[in-house]
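Asker: Attaching a single structure in structure tokens format; questions to follow.
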Amino acid sequence: VGGKSVVPFEEAVLRVKAACDARDEFEALNGKGTGPLIMARTDALKTDNFEEAIQRCLAFREVGCDMTFLEAPETVDQMKDYCRRVSGPKLANMLEFGSTPILPPKELKEMGYTFAAYPLTLLSASIKAMQQSLQLIQSGQSTEDMILDFGETKDVVGFTGYANEEQR
């Protein structure tokens with residue numbers, strides 16, 4: 001997505017610190033681990049440069065964020081450098097046709113990523129399957145090879161479980 005902008009370095013760090021402080025205050029009242037996870041994201045790689053983005057991630061960790069998210073590294077080397085230099089959990093955003101190389105979960109883990117998001121994979125695959133199914137319907141062809149049988153569909157959406165509960 002074009003048109004990205006970032007706030008100045010100091011403001012970004014203060015925003016993350018404020019979120020971490022709020023989490024810590026909540027946990028002081030409600031117990032450790034009850035507050036929200038603070039994931040600090042930066043788009044500074046696109047607006048500034050790789051080094052600025054790394055410096056932001058390092059500062060976010062210093063003020064207490066739980067996880068960092070360097071948006072849109074463009075090479076495997078950048079991904080490895082980020083993982084090597086920034087401590088703590090890290091999110092890899094695996095967006096097909098984006099600027100970040102798509103890597104298998106095992107490779108991401110070995111590199112140092114803790115979480116991997118595939119934000120559009122299932123949505124895009126679903127849309128493609130719907131389009132293909134609609135084309136088959138429009139042309140009068142069978143959709144049997146595109147769909148689950150009715151029993152599997154009921155299982156996946158939970159109807160079978162609901163029916164079993166009703167019987168109890």
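The values are calculated or read from the model by the stated rules, or taken from the named source; none is laboratory data. Since this is a predicted model, take the numbers as computed values, not measurements. Using ideal geometry, Cβ is built from the backbone for each residue, glycine included, and neighbour counts are taken over all protein chains shown. SASA here: full protein model, heavy atoms, side chains in, ligands and nucleic acids out. Shrake-Rupley method; radii C 1.70, N 1.55, O 1.52, S 1.80 Å.
Asker: Mind checking which of S87, S124, S139 has the largest fluctuation in a GNM of the chain, springs on alpha carbons under 10 Å?
Answerer: Largest GNM mean-square fluctuation: S139.
Asker: Would you mind classifying the chain by shape? Square roots of the alpha carbon gyration tensor eigenvalues, ordered a ≥ b ≥ c; an a/c under 1.5 is rounded, otherwise it is prolate if a/b is larger than b/c and oblate if not. List each step's numbers first, then the result.
Answerer: Values: a/c = 2.74, a/b = 1.60, b/c = 1.72.
Note, shape of the chain comes out oblate.
Asker: While we're on this one: Among K46/K90; K32/K80; K80/K128; K17/K90; K4/K90, which pairs are too far apart, with a Cα-Cα distance over 27 Å? Show your work: numbers first, answer last.
Answerer: Details: K46/K90 18 Å; K32/K80 31 Å; K80/K128 33 Å; K17/K90 18 Å; K4/K90 21 Å.
From the list (K46/K90; K32/K80; K80/K128; K17/K90; K4/K90), the Cα-Cα distance tops 27 Å for K32/K80; K80/K128.
Asker: Could you order I38, I54, I127, I137 by accessible surface area, starting with the largest, using a probe radius of 1.4 Å? Please list the in-between numbers first.
Answerer: Numbers: I38 20, I54 0, I127 75, I137 110 Å².
I get I137, I127, I38, I54, largest accessible area first.
Asker: Got a sec? Charge dipole of the range 1-140, +1 on Cβ for Lys and Arg, -1 for Asp and Glu; which of C20, L103, A59 is way out at the positive end?
Answerer: So the residue furthest toward the plus end is L103.
Asker: Next question, about the same structure. Run lengths n ≥ 4 of DSSP H only: what is the helix-derived mean residue ellipticity at 222 nm for the chain, with -39500 (n - 2.57) per run over all residues, to the nearest 500?
Answerer: Values: 8 runs with 91 residues, N = 168.
So the helix-based figure for the chain works out to -16500 deg cm²/dmol.
Asker: Roughly how many Å² is the accessible area per residue of the chain, as a whole number, for a 1.4 Å probe?
Answerer: On the way: 11140 Å² over 168 residues.
Ligands and nucleic acids excluded, the figure is 66 Å² per residue.
Asker: Looking at the chain, what % of its DSSP beta bridges pair antiparallel, to the nearest 5?
Answerer: On the way: 0 of 8 bridges.
Of all bridge pairs located within the chain, approximately 0 percent are antiparallel.
Asker: Next question. How much accessible surface area, in Å² rounded to 10, belongs to the heavy atoms of D48 with a 1.4 Å probe?
Answerer: Probe radius 1.4 Å; accessible area of D48 about 80 Å².
Asker: Translational diffusion coefficient of the range 53-135 at 20 °C, 1.002 mPa s, Stokes-Einstein with Kirkwood Rh over Cα pairs, in µm²/s as a whole number. Write down the numbers at each step before the final one.
Answerer: Numbers: Rh = 13.9 Å.
D, rounded to a whole number, is 154 µm²/s.
Asker: Extension gain I102-Y162, at 0.36 nm per residue separation less the Cα-Cα distance, in nm?
Answerer: 17.8 nm
Asker: Bin width 5 Å, alpha-carbon pairs only: give the P(r) of the range 96-152 as whole percents, running from 0 to the bin holding the largest distance.
Answerer: 4, 14, 16, 16, 12, 10, 12, 9, 4, 1, 0
Asker: Rounded to the nearest percent, how much of the accessible area of the range 1-83 (1.4 Å probe, protein heavy atoms only) is carbon and sulfur? The partial results should precede the final answer.
Answerer: Numbers: 2400 of 4510 Å².
For the range 1-83, the apolar C and S fraction of the accessible surface comes to 53 percent.
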